[in-house]
Amino acid sequence: MSAEMRGAMNRKGWALFAVMCVVWGIPYLFIKVAVGEVSVPVVVFARTAVGAVLLLPLVLRSASKGGAGKGGGQLDALRRHWRPLVAFAALEMIVPWGLLSQAERKLPSSLAGLLIAAVPIISVVVARLTGGTERLSLRRWAGLIVGLAGVAVLAAPDLTGGNAWAVTEVLLVAVGYATAPLIAARKLGDVPALPMTTACLTLAALVWLPPAILTWPHRVPSGQALAAMAALGVVCTAFAFIVFLGLIREVGTSRAMVFTYVNPAVAVAAGVAFLSEPFTVTMAVSFALILGGCLLATGSRRGPQPGGDQAAEADQVPDLV
C-alpha cells in the first residue's frame, strides 16, 4: 500500500476501508449458498429488489432536503441519460449478477472471486479499445501480460470437465465490471450516485422479476439460503453502497478503490473457512500474478488507481460485486 494512502487515511477511513474489503469480498460466498437451493433469477431478483427498496428512502430523503428543485433535478438527470443508464445497469448488474450466480452453481466461490480480480487489468484494455488516450508504458504492458498470465494459470484447470462455460461466464462478468465504470465516467458524470444506483437496481429487479416468478421455489428455502439472499441485498448491496460513498468522502476515490485488491483474498478466505473449499498452490500463484499485474498495469506515480485511465473520473460509481 502506498505511503500516500497511509498518510491520508485517518481512523474512520481505515474502518470504512476494512468494512468495504469484507462486504464486497463475501458476496461470492452468499451467492454460492443461495444458488444451491434457489434458482438464479430468484437470487438476482431478491438482491436487486432488496437493495432498491432499502436505498429508495435515502433518495427520497435527499430530494426532500434539497427541496422540489433538487428532487426534480435528479429525476431530470436520470431521464436525460436513460440510454447510458440502461447500458450501465446491464453491464454492472443485470447481466453480470446473472452470469456470476449461474457460474457459481459449478465453480467454487473462491475461484470466482479470484477470476474477478482481473477487473482492473481488463479495464485498462477496454479503456484503450474504446478511445482511451493514455499511453501505456512498458511497465503497464508488463502488468497486463503478467496479470493475464495469472488468469490463464487460474482458469486452465477448469477449462475441462464441463466447467469451461462457467469460467467463461465469470470472465464475461469481469468484462462487464470493467466496462460499466467507463460508461459512467464518460456519459453519467453529472448524474447523482445514489439516485443512479437505486434506479439501476430497480431496473434490474424489474428485468429479473418475470423469470423469478417462473422459477419461484415450490417450498420455502432453508434459513441458510434465505439468510444468504438477505445478506446479498442488505449487506453486499445497500449497506455496501452507503459505506462506499462514506469512504469516498473520507479518503477520495483513487484511495478508496484500493480495497478492490483485497476483495479476492477475502473471497478465498470465506470460501475456505465456511464452505471448506480447497486453496491450492495454483490458486496462490495465480493470485500473486494477477495482483502483481494489477499493481503494474493500473499503477502510477501517485499510487494504484484501479480502473485504468478512467478511474479518477468515475468518482460516483462503485463496482458492485
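The values are calculated or read from the model by the stated rules, or taken from the named source; none is laboratory data. Model, not experiment: these values are computed from the prediction. As a convention, Cβ positions derive from the backbone with ideal geometry for all residues, glycine included, and neighbour counts pool all protein chains shown. These area figures cover heavy atoms from the full protein model, side chains too; ligands, DNA and RNA do not enter into them. Shrake-Rupley method; radii C 1.70, N 1.55, O 1.52, S 1.80 Å.
Here are the numbers for the structure shown:
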| read-out | value |
| --- | --- |
| The chain, helix-only ellipticity at 222 nm - DSSP H runs n ≥ 4, -39,500 (n - 2.57), divided by all residues, nearest 500 | -22500 deg cm²/dmol |
| Apportionment of accessible area to carbon and sulfur, the chain, percent (1.4 Å) | 68 |
| Unit charges on C-beta of K, R, D, E only; dipole of the chain, Debye | 640 |
| Inter-label distance for residue 76 and residue 219, nm, one decimal - labels placed 7 Å from Cα along Cα-to-Cβ | 5.6 |
| Whole-number accessible area per residue in Å² for the chain, which is evaluated in the context of all protein chains at 1.4 Å | 43 |
| Rel. contact order, % - alpha carbon contacts under 8 angstrom, at least six apart, the chain | 40 |
